[in-house]
Structures are given as C-alpha cells and as structure tokens.
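Okay, so here's the structure we're looking at.
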Amino acid sequence: MDMYNDLLLNIENLDVCYKISDGIVKAVKDVSFYLRKGEVLGLVGESGCGKTTLIKAILKLLPSNGYIANGEIYFKDREITKMDNEQLRRIRWNEISMITQSAMNALDPVYKVGDQIVEAILTHKAVSKKEAYSRAMELFNLVGLEKGRLNDFPHQFSGGMKQRAIIAMALALNPEIIIADEPTTALDVVVQAQILERINTLLAGYDGSMIMVTHDISVIAQTCHRIVVMYGGRVMEFGNAIEVLKEPNHPYSMGLKNAFPSITGEKRNLISIPGTPPNLLKPPKGCRFNERCPFALEKCFHEEPMLQGTKGGYVACHRFYEAEDLRAEAGKEETWMKIRKRRVMV
Ligand SMILES: Nc1ncnc2c1ncn2[C@@H]1O[C@H](COP(=O)(O)OP(=O)(O)O)[C@@H](O)[C@H]1O
Ligand SMILES: [Mg+2]
C-alpha cells in the first residue's frame, strides 16, 4: 500500500452494510480511495449514495445496525477496522475529527459553549486554562463568531452559529484529518464559501487534510484538490477535482455537472438526472447507474464495470473510452429525456 509516502488514509475494498428487518442494505460496496497529507478531498453524490455511511465507517461511528463487512482502512500504518474502543478514542477528534451532519445536537445544552471548547482542549492537550481559552477565542474568530459569545449557552445560538461553533470545536486540536459531512449546508452560500476558505487556510498552515462531503459540486470546485464521485454505494469516478468537473468521464458525473450552475460562469440550462437512486437492499445487476444512464448498453445491465485508469484519475464505466463523445451528448437535455421514455416503456 505504500504507493506514496505522504499517504495519510488509505481505504481498500470497503463494504459497509446495515441490517434491517427486510434484509441487508449494501450501503457501501467495494470502495477504495486514498487521502494524502495536506490534501482536501471532495466526496460527492446524491443523497442516499452512501457518503455518510462511508465516513462514519472510517471512525467506526456507525449506528448499531451498521457494520463493516469487508475491507481495510489504514490511517498511516495503523489499520482502523481492527482497533478496539480505547485505540479509537485516542484517534477520534485528536487525530481525525469529524463534523457530522447532525452537528446541531453535538453541543451540550447545560454548559456554556466556550467552556465546552476549553474543556475539550484541556482533556487532550497539556496547556493552561488561559492558553486553552485564548485558543477558543482564536477559533471563534476564525469561524466568524464574536468572542463574547463564548459565554453563551447553546440555546442562545442560532442554527448557523451552532454550526460555526461545532466547526471551531473540530479544529481545536489541529487534527491531521478533518472529515466534514455537509458541514455548511445550514449556512447561506456566501458564508459557506467564507468559512470553507478559512478552514482551508488553517489546514494549509499545518499541512492538515480534509475530506469534505457534499452533494453540491460548486463547493468541491472552490475547495477541493481531488474528488471522489459516488453513486449507489460505489465509486464511479475519482481524480483531480478541476479535471473531473471540467471533463467528467462517467455519465453520472456528467449528469451531476449538468445539474449545477457552471463553475466557469458560462451560461447553460440546468438539467437534472431523471429517476431516483437504486434501492440498496437490492442493488441492480451490472452498473448501479444503468437505469438512469442515457448511454447504457446491454452489457451495463449484466457486468459491473471496474475502475480503470484515465488520463488523470479512475472511472468505472464500460464506455469510458468514448467519454469525449458522450460528454457532447450529455450536455443536451433530450439525451436525458430519453431515459424517461425508456422508463415508461419498460
Ligand atoms: N441506520 C441505517 N439503517 C439502515 N439503512 C441505512 C441506515 N443509514 C443509512 N442507511 C441507508 O444506507 C444508504 C446510504 O445512506 P447514507 O450513507 O446516509 O447516504 P448519503 O450520506 O450519501 O445521503 C441509503 O440507502 C440509506 O437508506
Ligand atoms: Mg449523508
């Protein structure tokens, strides 16, 4: 696995499932990717494609019906899936910190916000209370909260302010990796961009890395070096963020790109991908995107495509060698309308 010596996190062939009364949800299937030191990696895909499941698995924070069915997760040379709670406790927050989607409830209502941050710093670092407090002030400043607010209780904060406080908390110990699950969706776009920019500057200062989960590719374009595109629990494509967004090689990435305003400001119609993601209790045979893909061939319904190397990354599509032609087609609305017709026919 020592492909790069700056490899920080390496995920290999990860399968994550949930047990429910109807059977087993295969939420993440055979996912592999890596994160380098100092890198911001974007994880993108529609709601329900397995993003949250994947990142919770990294710190073994899955709900009780969730489990890792296969695969390995290396944090440097340490394998996470086999760690016990004590080993995990030492890594969580200190070395890898997580800003979860439900971060709003992560603050304790009975303590002042500032005290919670100070307490957290003191538990993990040998510093004086005064130093911890000035660190808390610094962090509040970074996320755009007035330092006087450190004396407030969580209920005195608006949703957006709570979210900022949670981000401050996640940054408190300069973790090597910050995993952020749609961290700024509660904030308006201008503030989102501003906070992400500040997080990036802070990370760059100590060579920290981030995995940034989002369903919004414009966020990726602004913040990330590399991108992983997920669909139906699988990695469809990954590579350099700008290259993948400029010249996607997977029809699903092409569709995602159509659904967002152009990152270069060029005018175009927004086209959404018709249909809904597959039911992961019973994932489709072949490519998981086949039913919604305007370019699907017979083969795509039988044989699951494997990730193959492209110019600057990897893609799992049987027709990747035609990507340039497909891109031209994918930009037209009628291409995607065809799927609607096909769905009505079958
Ligand atoms: N606790 C759970 N029990 C059963 N299924 C779950 C649970 N959490 C998520 N899932 C299912 O796993 C799949 C992936 O969900 P999730 O990881 O939340 O996706 P995303 O974060 O991309 O929206 C979905 O099909 C979802 O319904
Ligand atoms: Mg999610």
Practice task
Quick one: residue 64 ticks every box in (1) part of a strand (DSSP E or B); (2) surrounded by fewer than 17 Cβ atoms within 10 Å (Cβ to Cβ); (3) of a type in the set (S, T, N, Q) except a single one, so which number is it?
Solution key: (1)
Completion exercise
From the option list 126, 120, single residue qualifying as in contact with a helix residue (DSSP H, G or I) (Cβ under 7 Å, 6 or more places away or on another chain) and within 17 Å of residue 174 (Cβ to Cβ) is 120
Problem - Failed condition for residue 89, given (1) at pLDDT below 95; (2) exposed (fewer than 14 other Cβ atoms within 10 Å of the Cβ); (3) not β-branched (Val, Ile, Thr); (4) not in a helix (DSSP H, G or I) - result: (4)
Exercise for the section: For residue 81, indicate whether it is under 26 Å from residue 23 (Cα atoms), of a type in the set (S, T, N, Q), surrounded by fewer than 18 Cβ atoms within 10 Å (Cβ to Cβ) and free of Cβ contacts under 8 Å to residues at least 40 places away in the same chain. Expected result: yes
Practice task
Quick one: count up the residues across segment 40-72 that are of a type in the set (A, V, I, L, M, F, W, C), within 16 Å of ligand 1 (Cβ to nearest atom) and touching a residue at least 60 places away in the same chain (Cβ under 8 Å).
Solution key: 8
Practice task
Determine whether residue 245 is within 16 Å of ligand 1 (Cβ to nearest atom), closer than 30 Å to residue 37 by Cβ, modelled with pLDDT under 95 and part of a helix (DSSP H, G or I).
Solution key: no
Fill in the blank from the handout: In segment 18-39, anything away from ligand 2 (no atom under 16 Å from the Cβ) and either open to solvent by less than 10 Å² (accessible area, probe 1.4 Å) or of a type in the set (Phe, Trp, Tyr) (or both) is listed as 33, 34, 35
Exercise for the section: Within segment 18-29, work out how many residues are more than 8 Å from ligand 1 (Cβ to nearest atom) and under 16 Å from residue 55 (Cβ atoms). Expected result: 1
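Conditions tested, residue by residue: (1) within 20 Å of residue 237 (Cα to Cα); (2) out of contact with any helix residue (DSSP H, G or I) (no Cβ under 9 Å at 6 or more places or on another chain).
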{"residue": "10", "(1), (2)": "yes, yes"}
{"residue": "20", "(1), (2)": "no, yes"}
{"residue": "34", "(1), (2)": "yes, yes"}
{"residue": "38", "(1), (2)": "no, no"}
{"residue": "43", "(1), (2)": "yes, no"}
{"residue": "55", "(1), (2)": "yes, yes"}
{"residue": "61", "(1), (2)": "no, no"}
{"residue": "64", "(1), (2)": "no, yes"}
{"residue": "69", "(1), (2)": "no, yes"}
Problem - Residue within segment 48-62 that is more than 16 Å from ligand 2 (Cβ to nearest atom) and over 25 Å from residue 204 (Cα atoms) present - result: yes
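The values are calculated or read from the model by the stated rules, or taken from the named source; none is laboratory data. Keep in mind it's a predicted model, so treat the numbers as computed, not measured. Cβ atoms come from the backbone with ideal geometry, glycine included; neighbour counts cover every protein chain shown. What goes into the accessible areas is simple: the full protein's heavy atoms, side chains included, and nothing from ligands, DNA or RNA. Shrake-Rupley method; radii C 1.70, N 1.55, O 1.52, S 1.80 Å.
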